[in-house]
Structure formats: C-alpha cells, structure tokens
Amino acid sequence: MKNSEDLKALLDELESGIDKCKKKKIEEKMLIASRLDDIRKSRGLSTKREFSNFFNKRPSEIQKWLGGKHNFTIDTLIEIAEKLSIDYKEFLFEKGIYTRLQNNMNCTVYMSIPIQLNQPIMGEKYSTSFPNMQILTKTRSIKDKLQLELKQ
Amino acid sequence: MDFKFIHVKEAGKNGANIYAIVPKGQTISSFQAFLQKHVPTYIEELREINTTISSYAKYGAREYFFQKKHEGKHGDGICAIFDEKETHLRLYCIRHSENILILGGGGVKPKNIRAWQECPILSKEVNFLIKVAKDFRKQLKKGIIVIEDNKIIDNRK
C-alpha cells in the first residue's frame, strides 16, 4: 500500500502547491467548455461540424471553445448565449444549478469560502447575487468550505 | 500483456474515474514514475497537469478536451495531456470514454521534434499504451474486465 500512499502524497503536494489563481483559471475554463458541450449535446448538435454551422464559425474555432483552454471574453460568452437563447451565466455554473436558481427552486450551492476551524459560521453575513433568493442554512462541509442552501 | 489498474481520482457527478497502469514487474504506476522523475525540474507544469486531470474527474474526459485525439492508432483512444502552453511535458493516456480515463507515462517532448515517434522515450511510453489499450479492449470483449458504474472491474487473477 505504501506506493499508493506515496502517489496520493505526491498528488496532494502538487494540488496544494499550485497558485490558487492559476488553478481557478484552469478549472473555470474547463467548466465553461463542459457547459457549452452539455448544451451542444442537449440541442442535438452531435458533431463539431453541426455546431460550427450553427454558429457560422470554423470547426477550428469550435475546437478552441470546447477544448477547455480557451480564455473566453464576456463579449464572446454573451454572443454565444444569445445565439443559444440562454443567459450567459449558465456557462458559469455546473449543469442544472443556474436553471434551478432561476426557477427559484431550492438549491444547494457549494461556495469556496475558506473558513477557519473553531470559528462560528452561523450568524455571519453572506449574500447571494440571485434576486429573491435567501440563504436558508449554512453548514460546514468537508475541506473547510461553507455549504449554503438557497431558497426563495 | 500483464498490468494492473489502480484508481487515482474519483469521478464527480458527471466526471471521469481516473486510473493509472502498473506494468508487470513494477512496483509503481507509469504515471507515478512520470511524476517522480519530473518533479525536480518541471513541478509547475506537473501542478497544471494535475489540476487538468482533476478537472477531467469533475467534468468528464470530454472528447474535445483532447486536442490530439489519436496519438496512437485510430480508435485506440490514446491522447496526450499537457499544460496550457504545451511547454515541455507530455503525459499519455487512454481515453476509454467520457467517464473513464487511464493514465500512462510520459516524458519531455524535445523542441526539435514534431511527433512522439521521433523520441525514443516517448515512443516507449506510447507503444506500451497502444499494447495496453489493445489488451484492455480484448479483455473487455471477453468479459474478464468489465465496466460497472463507470468503474473498471478487473477480474483477472
């Protein structure tokens, strides 16, 4: 088992040592690409060619969008979202979460708010950017993150 | 062909389970050997590659995430993972599906070559993965290795 522990320790070291901003950039680019890919599939645009025809773009451009490394501008995201008749913020949340928030359904959102151990979290003020939504409960989740349940 | 799989990262809700391969006679996976070899020189690149792999675990090993889809033979699913700027390192893997990714080994891609075939170290890693991919498919067909809930169940003795 020592070798698998060594691997885990090595991966943990790589994980903890990365610049947080760089990590977030990689993750968010992949999130946006995966959301775009989900929407592509849900619209029945099964090939890159169909998707590129839909946007009137070259397939190489679509490959860039879906590749998970493209640095989208807000302008581009809005243009893509308008063409798909969705809110561009859909690209910024994992599948289903934004729609549920928009529909004012109960939804649990994991927010990356670091909290210190032994520090009270109830009673602290957090706000949401979603209209008509209130924080229903706040609980401590694994890895020192705050779990918020939002409700209309 | 003898090798075993080890589970490296757990899949998120719509993500991929990540595995590594331990070749026969070795005590560590090719992936671990790759990391250990290059940590002293290319730690920042490895950190980016590790974050990318974690994102595959979270969002899935999606087809379009892999720019060069067929590093090996057509249909064997062999792809390369590298940092954002494709700087030095190449880590090779078998993309079995959106939900299963098997990591192999890799190395430094010299600047003066275009393809892995031109580098003996990379060739060794990719050729090994081509054999693993072929054997993996064969064992799947025979039902000796099965996929259940997007996880590899290896029933070989």
(request) First measure r as the distance between the Cβ atoms of A:R43 and B:I144, then evaluate 1/(1 + (r/R0)^6) with R0 = 41 Å and state the FRET efficiency to the nearest 0.05. (result) 0.60
(request) Per DSSP H run of at least 4 residues, take -39500 (n - 2.57); add these up for chain B, divide by its residues and hand me the 222 nm value, nearest 500 deg cm²/dmol. (result) -12000 deg cm²/dmol
(message) Out of the GluC sites (Glu not before Pro) in region B:1-67, which ones are loop residues according to DSSP with at most 15 other C-beta atoms within 10 Å?
(response) B:E10
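Over all distinct alpha-carbon pairs, what is the Kirkwood Rh of region B:108-148 in angstrom?
That comes to 11.9 Å for region B:108-148.
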(message) Under a crude label model (7 Å from the Cα following the beta-carbon direction), how far is A:E61 from A:K24 in nanometres?
(response) 3.0
(message) Normalised radius of gyration for region A:27-81, please: alpha carbon Rg relative to 2.2 N^0.38 Å, two decimal places.
(response) 1.03
(message) Please compute the modelled spin-label separation between B:K134 and B:K4, points set 7 Å along Cα→Cβ, answer in nm with one decimal.
(response) 2.5
(request) Run a plain Debye calculation on chain B (Cα atoms as equal point scatterers, no solvent) and give log10 I(q)/I(0) at q = 0.08, 0.14, 0.17, 0.20 Å⁻¹, rounded to two decimals, same order as the q list. (result) -0.20, -0.65, -0.99, -1.40
(request) Using the structure shown, list the pairs from A:K83/B:K111; A:K69/B:K37; A:K69/B:K24; A:K29/B:K131; B:K13/B:K142 with a Cα-Cα distance above 31 Å, or answer none. (result) A:K83/B:K111; A:K69/B:K24; A:K29/B:K131
(request) Determine the shape class of region B:1-51: with a ≥ b ≥ c the square roots of the Cα gyration tensor eigenvalues, call it rounded for a/c under 1.5, and otherwise prolate if a/b is greater than b/c, oblate otherwise. (result) oblate
(request) In whole angstrom, note down how far apart the Cα centers of region B:15-49 and region A:28-53 are. (result) 30
(message) Suppose each label sits 7 Å from its Cα in the direction of the beta carbon; what would the B:N155-A:D87 distance come out to in nanometres?
(response) 4.9
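No value in this document is a laboratory result; all are computed from the given coordinates. Note that the structure is predicted; figures quoted are calculated from it, not measured. Here the Cβ is made from the backbone with ideal geometry for all residues, glycine too, and neighbour counts use every protein chain on show.
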